Each structure stands twice: as structure tokens, then as C-alpha cells.
1. How many residues are open to solvent by 60 Å² or more (accessible area, probe 1.4 Å) and over 19 Å from Trp58 (Cβ atoms) when one looks only at region 15-28?
2. Give the residue, chosen from Arg62, Arg66, that is among the charged types (D, E, K, R), open to solvent by 90 Å² or more (accessible area, probe 1.4 Å) and under 30 Å from Ala22 (Cβ atoms).
3. When you look at Leu9, is it surrounded by 11 or more Cβ atoms within 10 Å (Cβ to Cβ) and modelled with pLDDT of 90 or more, yes or no?
4. Can you tell which of Leu71, Leu38, Leu44, Leu51 is assigned to a helix (DSSP H, G or I), among the aliphatic types (A, V, I, L, M), free of Cβ contacts under 8 Å to residues at least 24 places away in the same chain and surrounded by 14 or more Cβ atoms within 10 Å (Cβ to Cβ)?
5. In this structure, does Ala93 turn out to be part of a helix (DSSP H, G or I) and surrounded by fewer than 11 Cβ atoms within 10 Å (Cβ to Cβ)?
6. Restricting to region 106-146, what's the tally of residues that are out of contact with any Asp or Glu (no Cβ under 7 Å at 6 or more places or on another chain), part of a helix (DSSP H, G or I) and of a type outside the set (S, T, N, Q)?
7. Return yes when Glu101 is in a helix (DSSP H, G or I), under 20 Å from the mean Cα position of the chain (by Cα) and among the acidic types (Asp, Glu) and no when it is not.
8. If you go through region 96-123, how many residues are touching a residue at least 24 places away in the same chain (Cβ under 8 Å) and surrounded by fewer than 13 Cβ atoms within 10 Å (Cβ to Cβ)?
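The values are calculated or read from the model by the stated rules, or taken from the named source; none is laboratory data. In this text the structure is predicted, and so the values were computed from the model without any measurement. Cβ sites come from the backbone with ideal geometry, for glycine too, and all protein chains shown count toward neighbours. Note: accessible area is taken over every heavy atom of the protein model, side chains too, but ligands, DNA and RNA are not part of it. Shrake-Rupley method; radii C 1.70, N 1.55, O 1.52, S 1.80 Å.
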Amino acid sequence: MTGKRMAILMAVLLGAYLVFTASRALDFIQSGGVVPGLLGLAILLLPAIGLWALWREWQFGRATQRLGQELADRGELPLDDLPRRPSGRPERAAADARFTEVRTRVEADPDAWERWFELATAYDAAGDRKRARQSMRRAIALHDSG
């Protein structure tokens, strides 16, 4: 199953869960009484937060795909040619070496979204997903502002 199809499936499942949760919250609110009403409002807050989080992740994924497609169209998409472990993850030493190269390019041209995109892929290969996402957000912001 492709990543996009998996994301769609997860979004549909989360959406179904959120609808179910919201309907239970409305049952509490409509039952009358202060305590059930407050409980219903608290439960209703969860689907709202879930929808917001789903929307943000969906937007992040679309923006990342848009930038990747733009780089691919220009023939500048970072290569995924690192040696792999049996698990499929890149070998740590090779990923760290690639990261050092990419970080140097980002430091030389910190306003280029392309360099930040490449840094995000290097962080991801090195196993640092948090910094990979931060770098990708920076690439998106630079792309959209330029």
C-alpha cells in the first residue's frame, strides 16, 4: 500500500472515530443536566482537536509533496542512495556523513528552501524525525514566502 493510500485510510478511520465521539458528546449534551452537559462539551472538544490535528498533518503532507514534486520536475530531488541495513533503514555512518555534507550546504545558503528540504531528508535518514519535520517546515515557509 502506498503512503498516500495509507494516509487516506487513516484519515477516513480517524474521521469515523471523530464522528462517533462527537455523536456521543451530543448525546450527553442533549440528555440535560449540568454535569452531563459539561462532560459532553469536554468530549466534543476531543474531536475538534483531532480534526485540527488531522488538517494540519494533511496540509503538511501536501506541502511536502508539492515541494518534492517541484524538485523532481527540475531534476533536483535529493538522491536516496544510502546503503541500507536489513531493516531498510540507512546505515548510520553513511547517514551521518550525508547529514554533515548537507548541513554545510544549508549553512552556505540558509535562505534556499531546496537546501532545507535536503536537510530534512538527511535528518530523516539519520533517524531524527523531529528535526526532519522542523527542517521541512522551514523549507515550506521559505518556499511559500519566496
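1. Qualifying residue count for the region: 5.
2. Arg62
3. yes
4. Just a single option satisfies the conditions, and that option is Leu44.
5. yes
6. Selection size over region 106-146: 25.
7. No.
8. 1
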